[in-house]
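One structure is given here, and the rest of the page talks about it.
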Amino acid sequence: MSVKEIFETMDYGTAPENASEALAWIVDQGGQFGHFIDGAFTDPGAGFDSKNPATGDVLATLTQATDADVTRAVAAARKAQPKWAALGGHGRARVLYAIARLLQKHSRLFAVLETLDNGKPIRESRDIDVPLAQRHFYYHAGMAQLMDSELPGRAALGVCGQIVPWNFPLLMLAWKIAPALAMGNTVVLKPAEYTSLTALLFADICMQAGVPKGVVNIVTGYGDVGEMIVNADVDKIAFTGSTAVGRRIRQATAGTGKSLTLELGGKSPYIVFDDADLDSAVEGLVDAIWFNQGQVCCAGSRLLVQEPVADAFYTKLRARMDKLRIGNPLDKSIDVGAIVDPAQLDAITAMVDANSAGHMHQAAVDMPTNGSFFPPTLITGLHPADTLMQEEIFGPVLVATTFRTPTEAVEVANNTRYGLAASVWSENINLALDVAPKLAAGVVWVNGTNMFDAAAGFGGVRDSGFGREGGWEGLGAYTKDVSPHKPLKPVSPNTGKGGPEGLDRTAKLYIGGKQTRPDSGYSAPSYAKNGTLIGHVPQANRKDVRNAVEAAIAAKGWAKTTGHLRAQILYYLAENLSARREGFADALNAAQGGKGGTKEVDAAISCLFTYAAWADKFDGQAHGVPIRGVALAMKEPVGIIGALCPDAPPLLGLVSCMAPAIAMGNRVILAASEPYPLIATDFYQLLDTSDVPAGVVNILTGPHGDMAGALATHMGVDAVWSFSASDLSAEIETGAATNLKRTWVNHGMGRDWFGSAGAGKAFLEAATEVKNIWIPYGE
Ligand code: NDP
């Protein structure tokens with residue numbers, strides 16, 4: 001074709017990337033791969049083929065790991081871990097830096113191999129996946145360097161089991177391995193069965209970078225290998241994948257003491273207001289839903305357009321879709337590549353075929369005749385409750401509906417079980433920044449989409465999982481507090497007999513700002529240390545838990561109050577507790593014996609002051625991400641927190657759970673100390689006189705075992721903490737799988753409530769979610 005003809009037709013020529021280096025690397029390895037354990041590749045064993053989804057060609061044969069392989073990998077990681085941690089921050093930083101440099105040096109090889117294995121356009125693997133993976137290692141080399149000075153009191157968890165999906169094989173590996181290594185952990189990672197090749201190339205890089213043997217171990221295989229890792233002797237599981245598997249892992253790790261982070265699916269809204277720059281918003285959608293063929297957990301897969309511009313927007317979008325280029329992923333001018341596997345293609349096709357609602361437009365483009373390809377698809381006119389508006393399709397299929405007002409946009413956007421990401425398009429920055437905090441999502445992009453950086457944490461809420469990857473907040477998941485914790489000794493309740501001295505005292509529960517009789521109608525006697533009857537304590541059951549959740553839901557306005565107001569209320573509570581210092585101290589002495597009551601009341605007052613102080617100071621951050629703009633890491637309340645308070649100290653324990661939670665804007669349901677419950681019923685009288693709005697603090701009494709399951713499985717509860725002396729950690733973590741709520745449980749270990757472990761940042765972090773709001777600027 002002559003240049004003249006090219007100018008006339010404006011057709012693209014082909015611009016294929018040369019795959020020979022990547023294919024030669026596979027041949028060099030013999031076309032067959034074993035696992036990477038203890039610094040060396042094992043001999044290839046029985047396994048499965050890794051195929052190029054664009055052609056169906058077999059690229060290599062991989063080995064299916066056995067239980068023995070996983071055990072060996074974990075043992076190697078276990079052995080290597082103390083020495084790796086002892087290398088110190090600077091020593092680890094040097095190794096991570098070497099990895100980053102080598103990734104950079106071999107970036108084209110990684111990009112081509114990724115595209116061959118996964119089917120994503122080379123434009124993406126070259127310009128997005130591989131550079132972001134490098135950046136993650138550079139960034140975390142820095143974190144390793146800074147660990148000693150900036151994270152005092154934190155240490156590595158130990159051995160981390162890491163399981164990643166096929167959509168961003170190298171990038172997800174980087175997100176998992178870089179922070180783990182930086183903090184002194186060692187890892188056993190399983191790549192997805194469809195896409196293990198760049199992980200194996202990464203193993204090669206580890207050898208060149210001088211990663212000590214056993215620090216990084218990679219085992220390949222089907223999903224059951226992931227399950228083996230989950231059940232192995234590891235200290236943490238970091239999982240990225242589907243919500244269904246994430247839920248199973250939550251259940252499998254419940255009560256084991258293994259730390260867990262889950263990055264799961266999404267159905268992220270892409271909200272276009274009528275004042276948006278529609279052309280930019282259309283272009284943004286190309287990245288939101290056709291990037292990586294829509295196989296992106298945070299894909300903007302749910303388009304919400306404001307009614308007045310909906311028709312105009314759809315027209316522009318359809319025109320743009322018809323210009324997309326779909327085909328050979330190695331062609332540098334291809335927009336949309338291949339679906340990762342025929343099985344995935346079938347799943348997408350089946351979901352789209354089963355839908356009869358709305359109006360479907362499929363891009364009028366030339367489709368390749370071989371390989372796994374699905375045309376870019378738009379389905380408009382759906383209702384928010386339609387299956388395709390709710391279920392993750394994980395393919396290049398955009399579903400759309402309209403809205404009228406900003407309030408309605410937020411309601412429709414949040415009408416999903418997921419909460420990973422959202423995009424907001426408006427030329428009115430006030431509107432965009434008003435809407436962003438109201439969206440249930442871990443990441444919000446203003447006038448943009450799919451922006452990522454190692455400095456800005458990524459992760460979700462609700463069924464999208466918990467934990468963050470990247471940023472300072474991501475490091476918490478790879479470190480632990482080194483302050484000593486001793487096994488908890490349960491406190492036996494006092495016993496006694498006889499009637500009350502003086503008037504009968506039968507306490508009530510405290511729900512929605514009112515004293516309420518327990519649903520069961522039962523109460524139990526509570527005795528002083530000397531055996532005299534102090535009063536009767538209501539026995540809460542699951543119906544009372546549900547009532548308390550209803551009350552907490554109704555108090556949602558608390559989340560919108562200012563830190564200043566919350567501080568004022570906490571100070572007021574402290575003031576009122578101080579005024580009744582002697583009475584509380586006497587009650588504590590009577591219940592617990594001894595003379596520690598005054599000390600405990602004073603510690604509770606100090607605790608209220610601590611969190612009143614933090615209420616307006618636990619600030620977010622402005623991350624310096626590499627765009628013209630900022631990523632604002634906003635601290636938001638988790639929502640409704642159920643807390644099983646420690647047996648002892650009963651007042652300080654209750655206040656230590658309540659104060660950080662409400663200081664950060666959460667509402668709480670507190671299960672009071674089991675052996676000394678009456679101090680909590682005294683305490684709620686203070687709440688009544690301290691301007692704490694009804695429903696913000698709800699107090700239940702009775703056996704923790706009767707409340708734990710109800711709190712853990714309740715869909716309206718966002719987090720459960722347990723400092724209970726009852727052995728409830730497994731039950732809570734299992735129950736929490738229902739809505740993937742966050743948990744913070746003691747696994748039978750105690751805490752010094754009077755010391756530094758009894759208060760501070762750990763509580764504030766447990767009481768907040770970090771939402772990163774990306775705001776690009778410039779004309
Ligand atoms: P899966 O959850 O099936 O797989 C993810 C990984 O887990 C794979 O390595 C898989 O192995 C492994 N696995 C499968 N079953 C088990 C098990 N029982 N125990 C332990 N590990 C197991 O998801 P997909 O691979 O199908 O990925 C698509 C899903 O992942 C989508 O729903 C998407 O939303 C989500 N995702 C979320 C991301 C996030 O950051 N939140 C990022 C990327 C994807 P194998 O592949 O060999 O079966």
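The values are calculated or read from the model by the stated rules, or taken from the named source; none is laboratory data. Computed from a prediction, not measured in an experiment: that's the story for all the values here. Cβ: placed from backbone, ideal geometry, glycine included. Neighbour counts: every protein chain shown. Surface areas here come from the heavy atoms of the whole protein model, side chains and all, with no ligands, DNA or RNA. Shrake-Rupley method; radii C 1.70, N 1.55, O 1.52, S 1.80 Å.
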Item to complete: Please state which one of Ala232, Ala209, Ala203 is open to solvent by less than 10 Å² (accessible area, probe 1.4 Å) and either touching a residue at least 40 places away in the same chain (Cβ under 8 Å) or over 19 Å from Gln32 (Cα atoms) (or both).
Response: Ala203
Worksheet item: So which of Ala203, Ala232, Ala252, Ala199 ends up being touching a Pro at 6+ places or on another chain (Cβ under 8 Å) and of a type in the set (Gly, Ala, Ser)?
Response: Ala199
Item to complete: Could you tell me whether segment 458-470 includes any residue that is under 30 Å from Gly702 (Cβ atoms) and assigned to a strand (DSSP E or B)?
Response: yes
Worksheet item: Looking at segment 439-456, is at least one residue farther than 30 Å from Pro121 by Cα and at pLDDT 95 or above?
Response: yes
Worksheet item: Between a first residue in segment 235-253 that is of a type outside the set (Gly, Ala, Ser) and at pLDDT below 95 and a second residue that is in a helix (DSSP H, G or I) and within 7 Å of the ligand (Cβ to nearest atom), which pairs have beta carbons less than 8 Å apart while being 6 or more apart in sequence or on different chains?
Response: none
Discussion item. I'd like to verify a number: residues in segment 2-23 that are in contact with a helix residue (DSSP H, G or I) (Cβ under 8 Å, 6 or more places away or on another chain), in a helix (DSSP H, G or I) and of a type in the set (D, E, K, R), how many?
Written reply: 1
Practice prompt. Using the structure shown, decide if Ala357 is open to solvent by less than 30 Å² (accessible area, probe 1.4 Å) and of a type in the set (A, V, I, L, M).
Written response: no
Worksheet item: If we scan segment 457-470, do we find a residue that is of a type outside the set (Asp, Glu), open to solvent by 40 Å² or more (accessible area, probe 1.4 Å) and at pLDDT below 95?
Response: no
Discussion item. Among the residues of segment 201-219, are any within 14 Å of the ligand (Cβ to nearest atom) and over 30 Å from Ala86 (Cβ atoms)?
Written reply: no
Discussion item. I need the full set of residues from segment 143-190 which are more than 16 Å from the ligand (Cβ to nearest atom), open to solvent by 10 Å² or more (accessible area, probe 1.4 Å) and in a loop (DSSP other than H, G, I, E, B), in order please.
Written reply: Leu151, Pro152, Gly153, Leu157
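So that you can scan it fast, the table gives a plain yes or no per residue for (1) closer than 18 Å to Leu260 by Cα; (2) open to solvent by 50 Å² or more (accessible area, probe 1.4 Å):
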| site | (1), (2) |
| --- | --- |
| Asp691 | no, yes |
| His714 | no, no |
| Ile732 | yes, no |
| Thr738 | yes, yes |
Worksheet item: Of these, Leu577, Leu573, which one is closer than 19 Å to Met664 by Cβ and either in the same structural domain as Asp602 (by the TED database) or at pLDDT below 95 (or both)?
Response: Leu573
Discussion item. Being in a helix (DSSP H, G or I), touching a strand residue (DSSP E or B) at 6+ places or on another chain (Cβ under 7 Å) and open to solvent by less than 90 Å² (accessible area, probe 1.4 Å) is the requirement here; does Ile26 meet it?
Written reply: yes
Item to complete: Out of the residues in segment 130-140 that are open to solvent by 10 Å² or more (accessible area, probe 1.4 Å) and touching a helix residue (DSSP H, G or I) at 6+ places or on another chain (Cβ under 6 Å), state the one that is farthest from the ligand (Cβ to nearest atom).
Response: Tyr138
Practice prompt. Quick one: Asp366 ticks every box in (1) part of a loop (DSSP other than H, G, I, E, B); (2) modelled with pLDDT of 95 or more; (3) in contact with a strand residue (DSSP E or B) (Cβ under 8 Å, 6 or more places away or on another chain) except a single one, so which number is it?
Written response: (2)
Item to complete: Just give me the residues in segment 404-447 being closer than 21 Å to Ala633 by Cβ and surrounded by fewer than 20 Cβ atoms within 10 Å (Cβ to Cβ), in sequence order.
Response: Asn414, Ile429, Asn430, Leu433, Asp434, Pro437, Lys438
Response to the item:
Picked from segment 220-248 (must be within 18 Å of the chain's Cα centre (by Cα) and polar (S, T, N, Q)), the residue farthest from the ligand (Cβ to nearest atom) is Thr243
Worksheet, complete the sentence: Lys4 passes all but one of the listed conditions (1) at positive phi; (2) open to solvent by 40 Å² or more (accessible area, probe 1.4 Å); the exception is number (1)
Discussion item. Could you list, ordered by first residue, the pairs with Cβ atoms under 6 Å in which the first is in segment 290-305 and charged (D, E, K, R) and the second is within 10 Å of the ligand (Cβ to nearest atom) and part of a loop (DSSP other than H, G, I, E, B), at least 6 apart or interchain?
Written reply: Arg302/Lys267
Worksheet item: With segment 667-776 as the region, which strands (runs of 3 or more DSSP E) entirely inside it contain at least 1 residues that are over 20 Å from the mean Cα position of the chain (by Cα) and closer than 20 Å to Val601 by Cα?
Response: 667-671, 697-700
